[in-house]
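A short worksheet on the structure shown next.
The values are calculated or read from the model by the stated rules, or taken from the named source; none is laboratory data. These numbers were taken from a predicted model, which means no experiment stands behind them. Note that each Cβ is placed from the backbone with ideal geometry, even for glycine, and that neighbours are counted across all protein chains shown. Each accessible area value is taken on the protein alone, full model and side chains, heavy atoms only, with ligands, DNA and RNA left out. Shrake-Rupley method; radii C 1.70, N 1.55, O 1.52, S 1.80 Å.
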Amino acid sequence: MLLSNQQKYILDALRKLGCVREDQLHALVRGKFQRPGFAVREEHMSAMLRQLRSGLGDFHVDGGFVYLARGQPDTARLEAIDVMLELSEGAPQEFTVKVDSPRLLCFTLGGDKLKLFSVAMLSHVSDTQLLQRERSERIVWISDSGTPPDGLALPPKHFFAARQTDGSHRFYGSNGP
């Protein structure tokens, strides 16, 4: 099967992320490929996903989710993807999920200097682990409840992403340098 660059990117993203919502995948493809004079519209995405589903046996689109054969929805990872898309305005430089716990996802933002971000689950970490992260890495913490625990004190370059009712996030940072 001959694939377009966008379809190759979709497969690469699914190999990394496992399972994504259709709107997340569309945002990633749009962020990667949309340029002046070239828009990745919803109709294009639907056609590409139909072609992939008919041509690849392990490619699935079901109930608003897109995944390869063994991918299963993981609510924490789906929220981590939302956070990445919000912070990168839909265009992360690079991303990976092959990370150590409590991190769910790592991504870089472009610009003059690349910035490394990780999205991590707060419920899977102790207070001492909060302080033992790389200094160059910015960590965005999420929690199952979507709200920060009472008395949470974050070290420098750490943020908490509070989930709002519309699914977006409000970001709270540390008071340090």
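In this structure residue 62 has an accessible area near 90 Å², from a 1.4 Å probe over the protein heavy atoms. A straight chain from residue 93 to residue 6 at 0.36 nm per residue would run longer than the Cα-Cα distance by 29.8 nm. Our estimate of slack between residue 123 and residue 108, defined as 0.36 nm per intervening residue step minus the Cα-Cα distance, is 3.0 nm. Helix 22-33 axis versus longest C-alpha principal axis of the chain: approximately 80°, rounded to the nearest ten. Each Lys and Arg contributes +1 and each Asp and Glu -1, all at the Cβ; summed about the Cα centre of the chain, the dipole is approximately 520 debye. Of the beta bridges in the chain, as assigned by DSSP with both residues counted there, near 70 percent are antiparallel. The share of accessible area on the chain that comes from carbon and sulfur is 48 percent, using a 1.4 angstrom probe. With the simple spin-label model, which puts each label point 7 Å out from Cα in the Cβ direction, the residue 39 to residue 171 separation comes to 2.7 nm. A DSSP coil position with no more than 10 other Cβ atoms inside 10 Å describes the following trypsin sites (Lys or Arg not before Pro) in segment 64-103: 70, 98. Relative to the longest principal axis of the Cα atoms of the chain, the long axis of helix 75-87 makes an angle of roughly 90 degrees. Axis angle, to the nearest 10 degrees, between helix 5-17 and the longest C-alpha principal axis of the chain: 40 degrees. Calculated mean residue ellipticity at 222 nm for the chain: -10000 deg cm²/dmol, from DSSP H runs with n ≥ 4 weighted as -39500 (n - 2.57), summed, divided by the residue count and rounded to 500.
Summed over the residues of the chain and divided among them, the accessible surface reaches 57 Å² per residue at a probe radius of 1.4 Å. Other residues with beta-carbon under 12 Å from the beta-carbon of residue 15 carry, at +1 per Lys or Arg and -1 per Asp or Glu, a net charge of +2.
When you filter the trypsin sites (Lys or Arg not before Pro) in segment 1-69 for DSSP loop state and at most 13 other Cβ atoms inside 10 Å of their Cβ, you are left with 41. Restriction of the GluC sites (Glu not before Pro) in segment 1-95 to DSSP coil positions whose beta-carbon has at most 14 other beta-carbons within 10 angstrom yields 89.
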